[in-house]
1. Just give me the residues in segment B:763-795 being part of a loop (DSSP other than H, G, I, E, B) and not small (G, A, S), in sequence order.
2. Restricting the first residue to segment A:1-15 and requiring it to be outside the structural domain of A:D27 (by TED's automatic domain parsing), which pairs with a second residue that is charged (D, E, K, R) and part of a helix (DSSP H, G or I) meet a Cβ separation below 6 Å and a spacing of at least six or different chains?
3. Working only within segment B:99-133, note down all residues that are within 11 Å of chain A (Cβ to nearest Cβ) and among the polar types (S, T, N, Q).
4. Could you run through segment B:439-465 and say how many residues are outside any strand (DSSP E or B) and under 19 Å from B:D382 (Cα atoms)?
5. Return the total of residues in segment B:527-547 being over 14 Å from B:N741 (Cα atoms) and touching an Asp or Glu at 6+ places or on another chain (Cβ under 8 Å).
6. Hey, can you tell me all the residues within segment A:157-192 that are more than 14 Å from every other protein chain (Cβ to nearest Cβ) and free of Cβ contacts under 8 Å to residues at least 40 places away in the same chain?
7. Can you confirm whether B:R40 is modelled with pLDDT of 95 or more, not small (G, A, S) and not assigned by TED's automatic domain parsing to the domain that holds B:V199?
8. Looking at (1) closer than 25 Å to B:P721 by Cα; (2) in contact (Cβ under 8 Å) with a residue 24 or more places away in the chain, which is the only condition A:T266 fails?
Amino acid sequence: MKPAPFVHHAPRTVGEAAAVLAQVGHDGKVLAGGQSLVPILNMRLASPAHLVDINGVEGLDGIDVSDEAVRVGALARHAALARSEDAYAALPLLRQATLNVAHPAIRNRGTTVGSIAHADPAGEMPAVLALCDGVVEAVSARGRREIGWQDFFAGPLETTLQADELAVAVRFGRFPTGTRTAFRESARRHGDYALAGVGVMVTVADGVVTAARASFVSVTDVPSVLDLGPVLAGTEASSESWGAAVDSAAAAVRDHVQPESDIHATSDYRRMLVGELTRRVLVESVTAAEGDRR
Amino acid sequence: MTTQMFGAPIRRKEDPRLVSGGGRYLDDLGHDALAAAFVRSPHAHARIVEVDAGDAVDVEGVVGIYVHEDLPGRIGEPLPLLIPHPTLTHGRTGYALARDEVNHVGEPVVMVVATDRYVAEDACQRIRVTYEQLPPVVGIDAAREGALLVHDDVPGNIAAHMLQEVGDVESALAASPHTLTLELDIERSACTPMEGRGVYARWDDERRELRLWSSTQTSTGVRAAVAAKLDLPLAKVECIAPDVGGGFGVKIVHPWPEEVLVPWAARLLGRPVKFTEDRREHFISAAHERGQLQTVTVGFDDDGRLLALDVKFWHDNGAYTPYGIIVPIITSTQLLGPYKPGAYRCEFWSLYTNTVLVTPYRGAGRPQGCFAMERAMDAIADELGIDRTEVRSRNFILPSQMPYDHGLLFQDGRPLKYDSGDFPASLAKIKALVGWDDFAAYRVEAEAEGRRVGLGIGCYVEGTGVGPYEGGHIQIETSGRVNVSTGLTSQGQGHETVFAQIVAEELGVRLEDVHVTTGDTRKMAYAVGTFASRAAVMSGSAIALAARNVRAKALRIAADALEVSPQDLEIVEGTVRVKGAPATSMSLGTVSVLSNPLRYAFDEAAQAATQFAGTFDPDKPPVAEDDEPGLEGRDFYSPTQATFANGMHAAIVETDPVTAEIRILRYCVVHDCGTMINPMIVEGQVHGGVAQGVGGALYERMAYDESGQLLNASFMDFLVPYASEVPTIETDHLETPSPLNPLGIKGAGEAGCIPVSAVIASAIEDAEGFPISRMPISPNDLWELRRQHAAGEIPSLHRATRSAARDAGTTEATEAKETTA
């Protein structure tokens, strides 16, 4: 469990990082928190010839809230995002979800942008980016571009980020006033990759649901948002019909997802589980102001 | 005596060192050593056609690359079969490096020695081994079928077939008013200590001496095995177990291939060499345990009393049997628990498969046996509509029946004879602790909230402290420092503390003056090892006996010097003094000075022992004829048989009605390990054992695919429970002293994990209303069982049917009053 030899690059600026990436191309990998990359290197599942370590790059650890979005820099750690009161006030879903990312030690080191760039179907933050209709900001020697989440995720562990590009930040879009969110997942052990997980946003105006969406962890290949408007919109959130509407939403989710079987759970079980989790987060989202904070 | 030491819940002496980074584990040693890494078989069953190391030899830093052909003499011969047994008719062991054939994924094929582990792994990656794949045998069903063979010369894959019978089971079953048969299944798990295996060797070419360190549970065993393999006089080999980060059984196996190869390479190269196992290697190259299929038939009367017990089981021993058939033998004997079985027959087959070998893991066959017996007890209770604790109670061996001889041979080749225990008292304690009789009301409340809860119980008896012997050596320095040594090893159990407590109490010295060394063959060459919950019983007893010898000598010397009778002396906090006249005294340090007649004084205190000090009788030799210089003593403890600890666990679980997630709400333990040296350490042992038991019950399994690949060879996918998965453990103790040893103690190390699968199965079954026969169980498994139950493929428990018919809750208390057909 020792990595194959590699060249370690330690750029000090985004420009330097982009220059190194342009030079090493597909032989390079960006090292940020290293919580996924380092085990992969140690198990020799990947042997990149160059590691571009961005931990020394200035100005990438920001968490900035604007009217439209919460912008998270490439070196902001999960723990920093979870702690940020500004981010929480603007978009409670970020804390709700981030606290489900592995364990404190991993959250202290791992980065939110790195998790999104890793594009693991079991990752929480790609699902959150999707639910928030987020954007990835990428920089290369060729220039800067923004990639909408729909265009970013190309497959499990695969993105449209080019080999010479560095994801410098992501922007999570804020929800309209009156929106409640909740996030819940179920793992075999606390903090493990979830067997299934779901985040929801429900917008309520005058007691009536006007919009609702869900996105998922571990049950879709790539982040995928299901519009629950058709089954929930127009329902009074605390009425008796809410229960039936929530059941319909759970059924819609079960139809929507495409979970795979592995040694921890079958596809059928995960499908049932994500439906039930959806039911629970929807109930929770309208009853609790903050949703699940685990 | 000012402070009582023995029996006090004092904090562990070793912890400040261990928790502040002061521990010295194997990989902390030998920074100048070369590193060994291994090319291991990627196939479960294959013939080795060719090894091509051409691309690896040029890797900068590579010092040597070795295959089986390179191994001279005994090093190239099969590894020893440590524990032969007459029924182990087809014992097989592997080679240090595979010769011609590999029998499991992970078997070592090539050893690379290089300047560091990085380089060694770079070289491993460049070595190409050509294999001709053979069909693998994976799983007990495939092994039992015998269509494919692991070893060509072992028909039916049967390593051992053993049958023990007491009484006439066939007749007793035929005469039983009721019989039940259960088909049970326990999956594999493993020790997975935090520190893997490791060995480090230095060869002194001038002295032709080998010194090795191993992360082992037996340094004397490793020393003897390595000396034999390397054809070295025992006097030229030293073995030290440094701090060891957990063993749980896997490190009692020896010599591991690496323990032979690393010293050999160190001698060959004339340079120190080290191997530190990584986690993946530990999963595929060390050892697993547990996997068994069982068929249990019980015959019983209308009151639930056992008349006959007929057990057949099939034990997966993996690819080789270096540790013999200890695990299935323990299953076959210890499954009896605290009960009188009536006529008893147990037949087992120990089977080869193309998987990692199976050797004892904490509990060592007992969790499987306990599962069989306790599932049967629950089934009898359910069949008859009797409370589950009542059925157990009716079958208990009573205190008045101790010692109780089952008429069977235990794992040490000696009679399975219980020495002590009060099972009715233990049952009363566990029922009180968990609130057994209040549970029905609690369930009604929970059900009203839409929650599903169940109550489970499990009882066990554990043979601990098996022989043949251990020794203790104590020496008191002139400063009053007390050096204690025993040969068995420590893996974090708290030996430095409990052995010091024994010595402090026996000698009358302060705890902080006692310094314990374990597992160093330079200090104590005669020892067996740490396993079978034996350290406290064996070394604890030996150390107590040694302390008594030293005490007698100290009193004799002090009595001479103080001109009083030894009977009039006492030792308090390191000072020998006259009872009732404490001013007439001398320190043990001074006694130590006097015990060693000197020609030369090295300090002021030593002057008292020199030849012109006028402290001796000119008519006697300085050292008496039957005496030795020095204030020291040694003794060995060798019991006639094991001592039997016991315990009872109960748990309340909640299962999610939709997702089938399983939560342990309460976990209660009543434990009897005889007289406790340190209740806090006993409690810690119980906690650790329960944690591993919870792993075996709810999380851990070895996911082998059909081709023999282990799919979860990492801590990401092999689910050792985190602290967040282990419930709060509530404990109570019963102390029934063992009559077999001087301290009345019984082992505690393995206790916590033995009944956990049985208890959790019992509780889930109680919550769900249908039988649980296979462990571990995941939410997915339980969800699937619910589906099968709903489809009528699994029967309901009788009590579920009864209570549904009665429509009056599911209380066992009311069921107990029912008469049964």
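The values are calculated or read from the model by the stated rules, or taken from the named source; none is laboratory data. Everything numeric here is computed off the predicted structure, so don't read it as measured data. Reconstructed Cβ throughout: ideal geometry from the backbone, glycine too, with neighbour counts over all protein chains shown.
1. Across segment B:763-795, the qualifying residues are B:F770, B:P771, B:I772, B:P776, B:I777, B:E793, B:I794, B:P795.
2. A:K2/B:R117; A:K2/B:E121
3. Once the filter is applied, which keeps residues that are within 11 Å of chain A (Cβ to nearest Cβ) and among the polar types (S, T, N, Q), segment B:99-133 yields only B:Q125.
4. Qualifying residue count, segment B:439-465: 3.
5. 5
6. Correct list: A:L157, A:E158, A:T160, A:Q162, A:P176, A:T177, A:G178, A:T179.
7. It is false that B:R40 is modelled with pLDDT of 95 or more, not small (G, A, S) and not assigned by TED's automatic domain parsing to the domain that holds B:V199.
8. Among (1) closer than 25 Å to B:P721 by Cα; (2) in contact (Cβ under 8 Å) with a residue 24 or more places away in the chain, A:T266 violates only (2).
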